[in-house]
Structures are given as structure tokens and as C-alpha cells.
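Input: a single structure, listed below in C-alpha cells.
The values are calculated or read from the model by the stated rules, or taken from the named source; none is laboratory data. Treat the numbers as computed from the prediction; the structure is a model and nothing was measured. Here Cβ is always computed from backbone atoms with ideal geometry, including for glycine, and neighbour counts include all displayed protein chains.
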Amino acid sequence: MNIPKWVSPLFVVAAIYDGVLGVLFLAAAPWLFAQLNVPPPNHMAYVQFPAALLIIFAILFTRIALDPVGNRGQIIYGILLKTAYCGLAFYYWAATDIPWIWKPFAMIDLAMGMLFVVACYAIGGGGRAESR
């Protein structure tokens, strides 16, 4: 099956992006908040658990990048991740505002989520596994 050449690099970029953010917020969240002059949450677990999830998703995106056709059914989980973050970030941004640090991530994740949808359809089946 021929897939567009941009699909694998998209998921490599997603893996690096989420992996780096995950490691940064898991290992150095207090320092990062202090450097960026952003108020931290009342407990670091509120940041570290999502950071660990980003690392898990980075592994998923790496697997997709290595075999987009074989792992296309997994792309939906990336779409759901990006939809969940964007939905919450944009809702709170509009309703009550959010610290500036989360806004660029929402914009990047919106673009990535849309590209994941396009990639899913570009490799066929809209994310469904082929029947055998």
C-alpha cells in the first residue's frame, strides 16, 4: 500500500514533541514553572501524571511512525488525546482563561490532531483495521 511520505515523519515529530514535553514536565516541572513565571498547581502530581501519559503516547506515536499501515488503528488514540487536551484547554481559555504556557500547546495539538485525522484517512480505512 502506498502511503503519503509525510505520514511517518508526522508521527516522528509527534513522538518527539510529546516525549520531550513529557520528560520536561515529569522531571523538571517545578523548575520549569519557576523559570517561566507560571504559578504551579498545588500538587505536582497534577502535572506529572499527564506528563507520564505524554511519554506513553510518544511510544505509541513511534510505533505508528515505524508502521503506519499496520498501526493505523492506533491513530484514533492520538486523535482522542489531542481532542481531549484541546477541548479542555480551549474551553477554559474561553470561560476563565488559562496560564499562557498552556495556550501554544493547545494550538499545536489542534494542528496535530487535524493532521492525524488526515493521515488516518490517507492511509485508508479511516483508522479501521482492514478485514482479512
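Overview of results
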{"item": "Residue in region 6-19 that is under 17 Å from Tyr121 (Cβ atoms) and part of a loop (DSSP other than H, G, I, E, B) present", "result": "yes"}
{"item": "Region 53-69, subset in a loop (DSSP other than H, G, I, E, B) and touching a residue at least 40 places away in the same chain (Cβ under 8 Å), residue surrounded by the fewest Cβ atoms within 10 Å (Cβ to Cβ)", "result": "Val69"}
{"item": "Hits in region 32-52 (condition: assigned to a helix (DSSP H, G or I) and within 18 Å of Phe105 (Cβ to Cβ))", "result": "Leu32, Phe33, Gln35, Tyr46, Val47, Gln48, Phe49, Pro50, Ala51, Ala52"}
{"item": "Selection from region 70-114 of residues that are crowded, with 16+ Cβ neighbours inside 10 Å, of a type outside the set (S, T, N, Q) and not in a helix (DSSP H, G or I)", "result": "Ile98"}
{"item": "Failed criterion for Gly126 (all others in (1) in contact with a helix residue (DSSP H, G or I) (Cβ under 7 Å, 6 or more places away or on another chain); (2) at pLDDT 95 or above hold)", "result": "(2)"}
{"item": "Checking Met44 against (1) over 15 Å from the mean Cα position of the chain (by Cα); (2) loosely packed, with under 15 Cβ neighbours inside 10 Å, the condition it does not meet", "result": "(2)"}
{"item": "For Phe49: the one exception among (1) more than 30 Å from Lys5 (Cα to Cα); (2) more than 18 Å from the chain's Cα centre (by Cα)", "result": "(2)"}
{"item": "Answer from Ala65, Ala58, Ala84, Ala119 - the residue that is at pLDDT 95 or above, among the aliphatic types (A, V, I, L, M), within 11 Å of the chain's Cα centre (by Cα) and closer than 22 Å to Pro4 by Cα", "result": "Ala58"}
{"item": "Condition check for Ile101: modelled with pLDDT under 95, more than 19 Å from Ala58 (Cβ to Cβ) and out of contact with any helix residue (DSSP H, G or I) (no Cβ under 7 Å at 6 or more places or on another chain)", "result": "yes"}
